[in-house]
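*Asks:* Here it is, the structure in full.
The values are calculated or read from the model by the stated rules, or taken from the named source; none is laboratory data. Not measured: the values here are computed from a predicted model. A quick note on method: Cβ atoms are made from the backbone with ideal geometry, for glycine too, and the neighbour counts reach across all protein chains shown.
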Amino acid sequence: MNIDFKLATPELDDKFIKEAKAAGIVQTKGYRSMGGIRLSAYNAVSLKDVETTIQFMDSFKSKNPA
C-alpha cells in the first residue's frame, strides 16, 4: 500500500523529501503526475521502519507548523 499526500506547499514537500532522505527514509518523492509525497507500507516494511517514519513526521511537523 502507498500512502500519498501533499503538504501545504510544494516547497514544504521538497523539504520533507530532503530531510526524510537525510534521516534514512528513502524514495518518498510522489508520483511524477501527482507530485507530493509517497510512503510505502508493504508487508516487507518492518514495524520499526513505520515507527521511525512516524517519529520523523512528528518531528518535521513540530519544526514546520502549517
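*Asks:* Would you confirm whether any residue within the range 29-37 is of a type in the set (Val, Ile, Thr), modelled with pLDDT of 95 or more and touching a Ser or Thr at 6+ places or on another chain (Cβ under 8 Å)?
*Replies:* Yes, the range 29-37 has at least one match.
*Asks:* Go through Leu47, Leu7 for me and flag whichever is in contact (Cβ under 8 Å) with a residue 12 or more places away in the chain and of a type in the set (A, V, I, L, M, F, W, C).
*Replies:* Residue meeting the stated conditions: Leu7.
*Asks:* Taking the range 24-47 as the search range and keeping residues that are among the hydroxyl-bearing types (Ser, Thr, Tyr) and loosely packed, with under 10 Cβ neighbours inside 10 Å, which one is nearest to Asp14 (Cα to Cα)?
*Replies:* Ranking the qualifying residues of the range 24-47, first place goes to Ser33.
*Asks:* Among the residues of the range 48-66, which ones are surrounded by 12 or more Cβ atoms within 10 Å (Cβ to Cβ) and within 15 Å of Thr9 (Cα to Cα)?
*Replies:* Residues satisfying the conditions are Phe60, Lys61, Asn64.
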